[in-house]
Amino acid sequence: MTDDPDRPADAHVRTGAGIPVPELTDDLLTEMLDEPPDPECPFIVINRGEHAYIQTRLLPDGVYEIEHRADDSGEQFQVYTPDARLVRDVMWSWLDDDRWWRDAVAWYRVDPAVAEVQSVLRDFDDLLGGMDVLDDIQASMDDALARADELLAMDIGEPKAEPDESP
């Protein structure tokens, strides 16, 4: 796929952490797919219009999930692949309005109930996205409990008995 300078201006690219990518190039997309993503947010999302998007997510087993939805439909479609080059080619084709991405991949429809649950989970995650303080508190508590375990595990000898003070 080649970079198309005439690509629609309404396409917006961001990582799963919500970081916008101002200018996506083929090399940058390839690099983003080659680099291990943030395990908390392993997504690359390209939006066009109000509801149309294509996104990819790297799963823990090294397989990519690609998902898309058209603006005129609430239906979502997915495919799974271990091939990062296919992911890049599909995303570029979608971005460039080339029908190849639709014809070359065996997409399957996401069950509407599953799509609704995923939507609610994304909304919930967006609401809690700024709650990093809770993560810090949890980490501090884990450290404190680990230290307490260390102290309790130390071999503390029996206290010495006081000499019998009989009159």
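None of the figures in this text is laboratory data; all of them are computed from the coordinates on show. Note that the coordinates shown come from a computational prediction; the quantities given were computed from them, not determined experimentally. Every residue, glycine as well, gets a Cβ built from its backbone with ideal geometry; the counts of neighbours run over all protein chains shown.
The ratio of the alpha-carbon radius of gyration of the range 16-100 to the globular-protein estimate 2.2 N^0.38 Å is 1.03. Taking 0.36 nm per residue of separation and subtracting the Cα-Cα distance, full extension of the segment from ASP61 to THR30 would add 9.2 nm. Counting only the backbone N, which residues of the range 65-90 are under 16 Å from the spot 7 Å out from the Cα of ASP111 toward its beta-carbon? Counting backbone N atoms under 16 Å from the label point, the list is 76-78.
3J(HN,Hα) along the range 45-51, derived from phi through the Karplus expression 6.51 cos²θ - 1.76 cosθ + 1.60 where θ = phi - 60°, amounts to 10, 10, 10, 9, x, 7, 10 Hz, with x in place of Gly and Pro. Stretching the chain fully between ARG102 and GLN118 yields a gain of 3.5 nm (0.36 nm per residue, less the alpha carbon separation).
Packing around the peptides 78-89, 106-117, taken as the average count of other Cβ atoms within 10 Å per residue, puts them in this order, highest first: 78-89, 106-117. Positive end of the charge dipole of the range 1-116 (Lys, Arg +1 and Asp, Glu -1 on Cβ, about the Cα centre): tell me which of ILE66, ILE19, ILE46 has its Cα farthest that way. So the residue furthest toward the plus end is ILE66.
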